[in-house]
Amino acid sequence: METSVNLRHVDTTTVELSEPQPKPTSRTGQLESAVEVWADSVVDTGVWECDPGEFTADRSAATEVCHIISGSGTVVGDDGTSADIGPGSLLVLPRGWRGTWLVKETIRKTYVIIGA
């Protein structure tokens, strides 16, 4: 017996996100909002947005793949490796990565978190 699985689709530029909330790891009082598009026991996908400022990120337990839709900033790993990001950027934060996001203009991205 087969189980039916439904296709998931959103327009990432216009999808309505949740009410902005304080970002727990922000160093500057940023707000973030998101909408989960699909998740199971291993993968979580969605659209996320965060206003300008600085926050830390820890991907010790999972890999995150991000596609930047709008906005700009710089992501700096604890090892000093950095990437300037903007619309069209594809960013991979492998399991074990830790670092800081410096958001210059409000960033909207899609994300896939694997192994959460």
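The values are calculated or read from the model by the stated rules, or taken from the named source; none is laboratory data. Quick caveat: nothing in here was measured; it's all calculated off a predicted structure. Positions of Cβ are generated from backbone atoms using ideal geometry, with glycine treated the same way; all protein chains shown enter the neighbour counts. Just so you know, the surface numbers come from the protein's heavy atoms only, side chains and all, with ligands and any DNA or RNA stripped out. Shrake-Rupley method; radii C 1.70, N 1.55, O 1.52, S 1.80 Å.
Since residue 71 meets every condition but one in (1) in contact with a Lys or Arg (Cβ under 8 Å, 6 or more places away or on another chain); (2) over 21 Å from residue 43 (Cα atoms); (3) outside any strand (DSSP E or B), which condition does it not meet?
(3)
What is the one condition in (1) of a type in the set (D, E, K, R); (2) free of Cβ contacts under 8 Å to residues at least 40 places away in the same chain; (3) touching a strand residue (DSSP E or B) at 6+ places or on another chain (Cβ under 6 Å); (4) under 27 Å from residue 8 (Cα atoms) that residue 40 does not satisfy?
The single condition residue 40 does not satisfy is (3).
Write out, first by first residue and then by second, each pair whose Cβ atoms fall under 8 Å of each other, whose residues are 6+ apart or on separate chains, and whose first residue, in region 86-102, is within 20 Å of residue 30 (Cβ to Cβ) while the second is assigned to a loop (DSSP other than H, G, I, E, B) and open to solvent by less than 60 Å² (accessible area, probe 1.4 Å).
Correct list of pairs: 98/60.
What is the one condition in (1) in a loop (DSSP other than H, G, I, E, B); (2) out of contact with any His (no Cβ under 9 Å at 6 or more places or on another chain) that residue 56 does not satisfy?
(1)
Are there any pairs, at least 6 apart or on different chains, whose C-beta atoms fall under 8 Å, with the first in region 15-32 and in contact (Cβ under 8 Å) with a residue 40 or more places away in the chain and under 11 Å from residue 49 (Cα atoms) and the second assigned to a loop (DSSP other than H, G, I, E, B) and open to solvent by less than 60 Å² (accessible area, probe 1.4 Å), and if so, which?
30/23; 30/51
Quick one: would you say residue 84 is in a strand (DSSP E or B), out of contact with any Phe, Trp or Tyr (no Cβ under 7 Å at 6 or more places or on another chain), at negative phi and open to solvent by less than 50 Å² (accessible area, probe 1.4 Å)? Let's see the steps before the verdict.
Working: in a strand (DSSP E or B): yes; out of contact with any Phe, Trp or Tyr (no Cβ under 7 Å at 6 or more places or on another chain): yes; at negative phi: yes; open to solvent by less than 50 Å² (accessible area, probe 1.4 Å): no.
Against the criterion (in a strand (DSSP E or B), out of contact with any Phe, Trp or Tyr (no Cβ under 7 Å at 6 or more places or on another chain), at negative phi and open to solvent by less than 50 Å² (accessible area, probe 1.4 Å)), residue 84 does not qualify.
Given 13, 56, which one is of a type in the set (S, T, N, Q) and exposed (fewer than 13 other Cβ atoms within 10 Å of the Cβ)? Don't jump to the end; show me each part of the working.
Numbers: 56 fails: exposed (fewer than 13 other Cβ atoms within 10 Å of the Cβ).
Unique residue meeting the criteria: 13.
Condition test on residue 59, is it more than 25 Å from residue 5 (Cα to Cα), in contact with a Ser or Thr (Cβ under 8 Å, 6 or more places away or on another chain) and of a type in the set (D, E, K, R)? Lay out the reasoning, then the answer.
Details: more than 25 Å from residue 5 (Cα to Cα): yes; in contact with a Ser or Thr (Cβ under 8 Å, 6 or more places away or on another chain): no; of a type in the set (D, E, K, R): yes.
So residue 59 fails the test.
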